[in-house]
Amino acid sequence: MSRPSTGATSLAHAAPLFAALGDQTRLALVDRLCAGGPQSITRLTNGAAVTRQAITKHLGILADAGLVHATPRGRERIWEIDTDRLAEAHHYLDQISRQWDQALERLRLFVEAEEISP
Amino acid sequence: MSTDRIEKSIVLQAPRSRVWRAIAGAAEFGAWFGVTLEGDFAPGARLTAQLTSPGYEHVTMEITTERVEPEHLLSYRWHPYAIEPGVDYANEPTTLVEFHLAEVPEGTRLTVIESGFDHIPPVRRALAFRMNDQGWAEQLTNIARYVSS
């Protein structure tokens, strides 16, 4: 599968998202929230190399980028990933779809080249 | 738009026998798809595909053949977009890829259907989204570091 190309427009659009993700701790937080579902700071801090305070700060940055949000539950706040699942699924399919387009064009060159110039 | 399947159709100016060889022959498949295939397409047979695209040479994929009906249908299962290093995809759901061949006046109509995406875990989709273009992602990470320092 070859690498899909990305236009300048979508790049500019995605820049704030990647700025928020441009940090190991925040990337790890997103992964934990993706894999583990909604959870409290206590659970997110479990096994993390950084303090609860740092985690709170990073979650704030992710929230500003629209990647996560929190809902109060009792005395705690529950954090969860804030992505449009359906949009994400479509985007994912678009990527794979583009890869098929490219692969089939390569197949066309491959089988038609021989026919035209044997 | 369905979130479960992708369907592509293309008319190739080549006889059906030629198109079939290009798809069902492991070496020829590898040449246009961009992989080095080990093994042969036969019902139930497993093949290993190593990507040849620059930057993705570390990626190998397992392909399990389902149906082989000469000059009509080849189908197999694999893990879509399984390019993340260090992840064992073996226990995750696969998608089904079907190549349907039909004779048309201009040559051969090839229809490719990949289905089963609805069963792919959301976390994989999210990662694929992020890994859209690693070079691009890396550049943005650099910019992010620059602007946040």
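Provide a single number: the residues in region A:63-112 that are in a helix (DSSP H, G or I), among the basic types (Lys, Arg) and at pLDDT 85 or above.
3
Could you check, for region B:65-75, whether at least one of its residues is within 21 Å of residue B:92 (Cβ to Cβ), in a strand (DSSP E or B) and touching an Asp or Glu at 6+ places or on another chain (Cβ under 7 Å)?
So far as region B:65-75 goes, yes, one or more of its residues are within 21 Å of residue B:92 (Cβ to Cβ), in a strand (DSSP E or B) and touching an Asp or Glu at 6+ places or on another chain (Cβ under 7 Å).
Identify the residue in region A:30-49 that is assigned to a helix (DSSP H, G or I) and away from chain B (no Cβ under 13 Å) and, among all such residues, is nearest to the chain's Cα centre (by Cα).
Per the stated criteria, the residue is A:44.
Taking region B:1-14, which residues are more than 8 Å from chain A (Cβ to nearest Cβ) and farther than 15 Å from residue B:97 by Cβ? Break it down stepwise before answering.
Of all residues in region B:1-14, those more than 8 Å from chain A (Cβ to nearest Cβ) come to B:2, B:4-5, B:7, B:9, B:11.
If the condition is that a residue be more than 8 Å from chain A (Cβ to nearest Cβ) and farther than 15 Å from residue B:97 by Cβ, then B:2, B:11 are the ones that fit.
Looking at residue B:61 and the list (1) within 13 Å of another protein chain (Cβ to nearest Cβ); (2) in a loop (DSSP other than H, G, I, E, B); (3) more than 19 Å from residue A:111 (Cβ to Cβ), which single condition is not satisfied?
Among (1) within 13 Å of another protein chain (Cβ to nearest Cβ); (2) in a loop (DSSP other than H, G, I, E, B); (3) more than 19 Å from residue A:111 (Cβ to Cβ), the lone unmet condition for residue B:61 is (2).
The values are calculated or read from the model by the stated rules, or taken from the named source; none is laboratory data. Given the structure is predicted, the values throughout are model-derived calculations rather than measurements. With ideal geometry, Cβ positions are generated from the backbone for all residues, glycine too; neighbour counts draw on all protein chains shown.
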